[in-house]
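Peer 1: Have a look at the structure that comes next, please.
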Amino acid sequence: MQKTTQQIIVGLGERSYAIDIGAGLLTRTPLFNALPQQILLLTNTVVGPLYAEQVLDQLSQHKVIVHTIDDGEQAKSLVNYGAIMDTLIQHNFNRDCAIIALGGGVVGDLAGFVAATYQRGVRFYQIPTTLLAQVDSSVGGKTAINHPGGKNMVGAFYQPQAVLIDTECLQTLSDRDYACGLAEVVKYGIIADADFFTWLEAHVQELNARESAALTYAIQRSCQIKAEVVAADEHEQSVRALLNLGHTFGHAIEAAHYDTWKHGEAVAAGTIIAAQLMFQLGELTAVEVTRIENLLQSLHLPVRAPLMQLEQWQAFMQRDKKVQDGTIRLVLPTAIGSATIRPMADWQMIGEAIKAMSTSDD
Ligand SMILES: NC(=O)c1ccc[n+]([C@@H]2O[C@H](COP(=O)([O-])OP(=O)(O)OC[C@H]3O[C@@H](n4cnc5c(N)ncnc54)[C@H](O)[C@@H]3O)[C@@H](O)[C@H]2O)c1
Ligand SMILES: [Zn+2]
């Protein structure tokens, strides 16, 4: 096995930090430099039993408290946030402590928000263990918890000190969660890098086999693209919104079918609709649409949306954070390798694209 470590720097001035990526990093290098004595390791009931011991082995010189939350999105809650605060206070954690997140995006988002707010901010480290967390949620500093009134309603922008990505962790991930991460990887190729998209097409087999060399490169390139976008627009005033390709349509699918569609699956189906819309507008070729569809499909992602009434699509899409003065703004691919954000008021045109890329009812 190739044992290289790749490093990416997220360039945010004095808040810059490194992302290290490689196979077996959990056991073969010091986890992080200069960790303080007091550490809270946040994990969940699935990831803890698989990987916490490897992490704890490396932290034998530190005072580590492990806090384990339930599995699932509902664990990103105000209740768990409060319980972690209780743990920190009970154990007399001071401002010099560190929070380490070991898990997927749920653990990462919750741990990050705890770190951002405990005593007005303590050091935060991430060990993301899902592909989605490795290429997306651990990069960029968005942290949040859910409120009964909505997802990610309570949160902060808060950058970690460092991120450690061990590609070996992905070997235990479910096929569906793995494919969901790949949807975000394909997204980066479409919005920012035609060569990377072509590389993905050429490495479908290796990616589906979860080969570490291919994974290391795909994660590295994805993190690099996200890091560049975030460095240019940390608080999503402009280009950071491009990372939402496929997401406005995807969120509508997720909202209508939250029990059967996962985020990455909905994003894949939404990406095809966005591509189809640009084809209808004459701004993307049929060949490009087919290439996007074939790549997503070969990575075991759905490329047709579930059947839904246009009014339902419209109602869910109007909730998008990019809506301005009632007009929806969509991220649309202008080619494989570039995208734009555009106001769209033509619902007949949008409806045609949705219909063309939805499951047929016959
Ligand atoms: N902060 C951001 O910028 C950002 C971006 C995208 C998504 N998110 C958030 O991320 C969350 C979704 O993240 P996710 O898809 O990683 O979900 P998740 O954290 O729920 O992980 C998915 C599943 O995989 C399991 N798992 C994790 N690592 C594993 C491993 N190595 N082996 C086996 N099983 C493993 C988890 O226990 C869970 O059951 C959502 O809450 C979303 O809002 C945040
Ligand atoms: Zn996403």
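Peer 1: For a label point 7 angstrom out from the Cα of Glu211 toward its Cβ, which stretches of segment 148-180 have the backbone nitrogen within less than 14 Å?
Peer 2: No residue qualifies, since no backbone N sits under 14 Å from the label point.
Peer 1: Would you grab the residues whose amide H sits under 5 Å from the one on Thr340? Only those 5+ places off in sequence or on another chain, please, with H modelled 1.01 Å from N.
Peer 2: Result for Thr340 returns Leu332, Thr334.
Peer 1: Hydropathy first: keep DSSP H helices in the chain averaging at least 1.0 on Kyte-Doolittle, then drop any whose Cα extent along the axis falls short of 15 Å, and list what survives. Walk me through the intermediate numbers first.
Peer 2: Details: long enough: 78-90 (18 Å, 0.89); 105-117 (18 Å, 1.48); 175-192 (26 Å, 0.38); 212-232 (30 Å, 0.57); 263-280 (25 Å, 0.86); 286-298 (18 Å, 0.18).
Going by DSSP H runs, the hits are 105-117.
Peer 1: Now for a different question. On a C-alpha basis, how far is the centre of segment 292-362 from the centre of segment 196-217 in Å? Whole number, if you could?
Peer 2: So the two Cα centres are separated by 27 Å.
Peer 1: Another question, then. Take the eigenvalues of the Cα gyration tensor for segment 23-64, scale each by 5, and report the square roots as semi-axes in whole Å, largest first.
Peer 2: Working: eigenvalues 57, 42, 12 Å².
The equivalent ellipsoid of segment 23-64 has semi-axes of 17, 14, 8 Å.
Peer 1: Loop sites only, by DSSP: take the trypsin sites (Lys or Arg not before Pro) in the chain that have at most 13 other C-beta atoms within 10 Å and name the longest stretch containing none of them. Mind dumping the intermediate values first?
Peer 2: Values: sites that count: Lys3, Arg95, Arg319, Lys321.
With trypsin sites (Lys or Arg not before Pro) excluded where exposed in loops, the chain gives 96-318 as its longest stretch.
Peer 1: Which whole-number percent gives the relative contact order of the chain, counting Cα pairs below 8 Å spaced six or more residues apart?
Peer 2: Details: 674 pairs, mean separation 53.8, N = 362.
Value for the chain: 15 percent.
Peer 1: For segment 29-95 and segment 242-273, what is the separation of their Cα centres, given in Å?
Peer 2: 31
Peer 1: Right, here's the next one. Give, as a single signed number, the net charge of other residues whose beta carbon lies under 13 Å from the beta carbon of Trp347, with Lys and Arg counted +1 and Asp and Glu -1.
Peer 2: Spelling it out: positives minus negatives among the neighbours equals -2.
Peer 1: While we're here: With Cβ to Cβ distances under 14 Å as the rule, what net charge do the other residues near Cys169 carry (K, R +1; D, E -1)?
Peer 2: On the way: positive: Arg28, Arg210; negative: Asp20, Glu53, Asp166, Glu168, Asp177.
That works out to -3.
Peer 1: Percent of Cα-Cα pairs per 5 Å bin, from 0 to the last occupied bin, for segment 205-308, please list those.
Peer 2: 2, 12, 15, 18, 22, 19, 10, 1, 0
Peer 1: Efficiency by 1/(1 + (r/R0)^6): what FRET value for Ile341 and Ile65, r their Cβ-Cβ distance, R0 = 45 Å, to the nearest 0.05?
Peer 2: Once the sixth-power term is evaluated, E becomes 0.55.
Peer 1: Next question, about the same structure. P(r) tail for segment 54-169, what percent of Cα pairs lie past 20 Å? Mind showing how you got there, number by number?
Peer 2: Values: 2478 of 6670 pairs.
Value for segment 54-169 (Cα pairs over 20 Å): 37 percent.
Peer 1: Further question: Subtracting the Cα-Cα distance from 0.36 nm times the residue separation, let me have the gained length for Asp325 to Asp96 in nm, one decimal.
Peer 2: 78.0 nm
Peer 1: Whole-Hz Karplus ³J(HN,Hα) for segment 233-246, in order, using 6.51 cos²θ - 1.76 cosθ + 1.60 and θ = phi - 60°, x for Gly and Pro?
Peer 2: 7, 4, 9, 6, 8, 8, 4, 4, 4, 4, 5, 8, 3, x
Peer 1: Go ahead and estimate [θ] at 222 nm for the chain from helices alone: -39,500 (n - 2.57) per DSSP H run with n ≥ 4, summed, over the residue count, rounded to 500. Show your work: numbers first, answer last.
Peer 2: Numbers: 13 runs with 147 residues, N = 362.
Computed ellipticity for the chain at 222 nm equals -12500 deg cm²/dmol.
Peer 1: Please work out the ratio of the alpha-carbon Rg of the chain to 2.2 N^0.38 Å and round it to two decimals.
Peer 2: That ratio works out to 0.98.
Where a number appears in this text, it was derived from the coordinates with a stated rule and is not lab data. Since this is a predicted model, take the numbers as computed values, not measurements. With ideal geometry, Cβ positions are generated from the backbone for all residues, glycine too; neighbour counts draw on all protein chains shown.
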